[in-house]
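Worksheet: one structure, shown below.
The numbers here are math on the coordinates, done by the rules we state, and not lab data. The model shown is predicted, which means the values in this text are computed figures rather than measured ones. Every residue, glycine as well, gets a Cβ built from its backbone with ideal geometry; the counts of neighbours run over all protein chains shown.
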């Protein structure tokens with residue numbers, strides 16, 4: 001693949017929120033995930049885990065618990081000015097992109113111990129500078145970056161295959177309930193939900209000029 005072809009692939013990928021009523025072959029999804037596992041990751045930990053859901057009943061159930069949890073959040077008096085322009089949050093239409101997609105990939109990370117961080121946590125209790133160093137490491141969250149790299153690869157590969165995707169972290173306000181629906185292993189944490197399907201729309205979004213987001217130090 002020429003650089004210009006790769007650039008075109010990257011630039012034509014879009015977030016898809018409307019899908020065709022057409023099943024996605026399991027083999028395609030697994031193939032895309034295999035490619036995504038070649039993403040860069042901290043210490044070659046390969047701590048990502050992928051759960052492919054094709055059972056529509058389960059996908060709809062996940063949508064239900066997300067909506068139920070969101071309704072609770074919307075009822076809080078503190079949310080009265082949390083919507084656009086300082087107004088109340090809108091009520092998303094049930095059956096959004098997650099529940100209308102024919103497939104859902106749940107991307108999670110393996111929960112594990114980090115001896116270095118464990119030692120820094122102990123030190124931070126008595127050392128202010130150690131706490132600052134710990135805060136810096138926790139802000140960048142290597143496990144989150146590792147999983148994010150895999151998700152980016154996954155979405156790009158699926159786009160090349162003619163499929164649309166959407167990177168969803170908003171529903172994780174209902175993370176515990178979603179994990180309960182999926183009977184999730186206790187050593188895994190859900191990082192994102194990726195609805196997958198054949199696009200029923202062709203969004204056109206632009207990007208800021210590189211001059212606005214890039215600086216060069218010579």
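Comparing 171, 195, 23 in a Gaussian network model of the chain, where Cα atoms under 10 Å apart are tied by springs, the biggest mean-square fluctuation is seen for 23.
Comparing 188, 110, 125 in a Gaussian network model of the chain where C-alpha atoms under 10 Å apart are linked, the largest mean-square fluctuation is found at 125.
Hey, fewest Cβ within 10 Å first, where do 29, 9 land in order?
With the fewest neighbours first, 29, 9 line up as 9, 29.
State whether segment 133-207 is rounded, prolate or oblate according to the following rule on the C-alpha gyration tensor (a ≥ b ≥ c being the square roots of its eigenvalues): a/c under 1.5 gives rounded; otherwise a/b larger than b/c gives prolate, and the remaining case gives oblate. Oblate, since a/c reaches 1.5 and b/c is not below a/b. Once log10 I(q)/I(0) by the Debye sum over Cα atoms at q = 0.11, 0.13, 0.14, 0.15 Å⁻¹ is calculated for the structure shown, the corresponding label among (i) -0.69, -0.94, -1.06, -1.17; (ii) -0.53, -0.72, -0.81, -0.91; (iii) -0.55, -0.77, -0.90, -1.03 turns out to be (i).
Taking other C-beta atoms within 10 Å as the exposure proxy, 105, 4 rank 4, 105 from fewest upward. Note on the chain: helix-only mean residue ellipticity at 222 nm, from DSSP H runs of 4+ residues weighted -39500 (n - 2.57) and normalised by residue number, equals -13500 deg cm²/dmol. Where in segment 147-186 does the label zone of residue 79 land, with the point 7 angstrom along Cα→C-beta and an amide N cut-off under 17 Å? In segment 147-186, the label zone of residue 79 (backbone N under 17 Å from the point 7 Å along Cα→Cβ) covers 169-178.
Springs join every pair of Cα atoms under 10 Å in this Gaussian network model of the chain, and among 197, 63, 43 the largest mean-square fluctuation is at 43.
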